[in-house]
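The next block holds one structure in the form of structure tokens; read it before the comments.
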Amino acid sequence: MIRKLACAVSLAALAAATPAMADHHEESDARAEVFAELPYWPGYWVSEFQAGTAIGGQNTQVAEAIENGEPIPDFMALRGADAPWTEEGLQRFADVRAISRGRKATGWGFPMMMNAATPLQITITPEQVIIINAYNEARYIYTDGRPMPDELDMWPTTYGTSVGHWEGDTLVVETRMVTTPSDFFHGAPPFSEEAVYHERITLEGDRLVSQMVIEDPVLLTEPWEVEVAFVRDEGFDRMIQFDWDNDRTGFDGEYNTIEMGGENGTAMLLPAIDNVLEAGSAWEVAWSGPMTADGMSVTPEGHLLFAQEQSNAIWRLTPDDQAFVEYPYVLGAGAVSVAADGTVLAIERGCTDPGLNSLTCSQPSALMQLGEQRRTIADEFGDGSSLGRLNDVHADGHGGAWVTQGALWHISHDGETTMVYQPEAFTNGVITSPDGSTLYVTDMRNVMGITLDNGVRGETSLFATLDEDTEGFGGDGMAVDAEGRLYVTGDAGIYVFAPDGAKLGVIPVPRRAITLAFAGADRRTLYVGAMGAPTPEGEDWVPPGGERNVAMTVYKLPMLAAGPR
């Protein structure tokens, strides 16, 4: 009797549940129909130009392009080298790139995970698209019809909030509230948290193409359109999980490595360059600190001079690494140049340091003559406008100088200003050949040569290209040796060019170099100022309050070549 009663109860319960189960089956069937209409993007995807990147960090396509003398593909377009930055954005971008080498990454984050060598796997459901990579990073794109959440219900995160929908086989995505990407990954662009990212992702043959438009009212002058594409990496038959503890942050001259050995990363394999650098040479640390060491030059006796904007001084560094202030009270000292007759000229940047946002002063930028007869050569253009934030300086030997600030300018001994070269991008480093017949100036990744005849400007032509730089702000400081070879700092290191513009080689530097000069009694020591410096505990110095990081390290290297005397 009890068994019959239990059976009756079970049948009654089943009869009551049948409508609910039927509804569930109907929902499942409907969901399956939606599933069947969705695209299917199986496999393991990598950024198109990153396919085949070796475990040592060597990108095969870049290596082949260099070997064949072909243009280097822009394999990480999302880093922002071509973005329409505002003035503040350009400064942030330069700051990020300058200190990127040697920093340890904690992940790719958005948007860089969409432009990396790290494999991606894409799972598509009716409710959401999930994109994961080999570093356990996951991006969720909600496609269930929901709107973007209210601003009060969002906060900045590493991957932001993404809402999307399908237009045929194209995934249309809007992403907001992304933490400044460069705060998470040192190679990422420094977009603000107000940036909005629009993506249209579709499969075109064997390529997965993402048309991206990025709007940033704070740091971009206009929306930036950029395309990234992905291909299946045939080397993966499964998702292999990595750990960021294995991040390769060093560079040994050929490959990225787990760590660079030696003091402040000086244990590097440097290439031999005929009559320039001997195989087995090694960098040494000459000075480091939490402030800049920029705009280098050399005194008649062979001591190095460098400008330090934050301490308002020109410093002297002796061959035995003793440093002291040579010229104090140089407001916002940006660069120094010593003429053949020993006259010392310097740039005063006033209060234009981006790190001094809350400080104002009335003293303008200026070209100064230092020494016993200190005087202001010029502090305004001919129309009375400010010289702006002057960059580099090179004495002309007649009491005046060439300076860079957007364009290349000449300032005569009596303060007359003349534009010499209008760049395609922006100028930075400037120097003349030892015989004074050629004036060199950087225009981002190009080096321009301008003929001079007793100081009179002649023709301008492309002298050389920094062909191993695929990102960053291009050429910065420059130096020449006694034989007329030109040395230019770039992301890849120090480029060495023959007097005819032929590239002789690139000398790797432990950190991103921005200035250099030959010094020492025989001028056979090359000094380089590079971004970043360690604390006494060995960690990279970081400003305590998030201010602009201006720490620098001065390295020195024994050379076969000698600088002019």
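Working note: Debye formula, equal point scatterers on the alpha-carbon atoms of the range 432-514, no solvent; log10 I(q)/I(0) at q = 0.12, 0.25 Å⁻¹ is -0.32, -1.22. With the highest mean first, a sort of the peptides 208-221, 181-194 on other beta-carbon atoms found within 10 angstrom per residue produces 181-194, 208-221. The range 447-471 and the range 492-565 have Cα centres spaced 22 Å apart.
Here the 3J(HN,Hα) profile of the range 413-427, calculated from phi with Karplus coefficients 6.51, -1.76 and 1.60 at θ = phi - 60°, is 4, 9, x, 6, 10, 9, 6, 9, 8, 9, x, 6, 10, 7, 8 Hz, Gly and Pro shown as x. Taking only the Cα atoms of the range 407-565, the ratio Rg/Rh comes out at 1.00, with Rh defined as the Kirkwood radius.
Once the Cβ-Cβ distance of GLU372 and ALA272 is raised to the sixth power relative to R0 = 60 Å, the FRET efficiency obtained is 0.85.
Seen through its C-alpha gyration tensor, with square-root eigenvalues sorted a ≥ b ≥ c, the range 372-441 comes out oblate because a/c lies at 1.5 or above while a/b is not bigger than b/c. Ranked by the mean number of other Cβ atoms within 10 Å of their residues, highest first, the peptides 525-537, 122-134 fall in the order 525-537, 122-134. Descending by average beta-carbon neighbour count within 10 Å, the peptides 226-234, 29-37, 332-340, 158-166 line up as 332-340, 158-166, 226-234, 29-37, the highest first.
No lab work stands behind these numbers, since they all come straight from the coordinates. Quick caveat, the model's predicted, so the values are computed rather than measured. Note: ideal-geometry Cβ built from the backbone for every residue, glycine included; neighbour counts use all protein chains shown.
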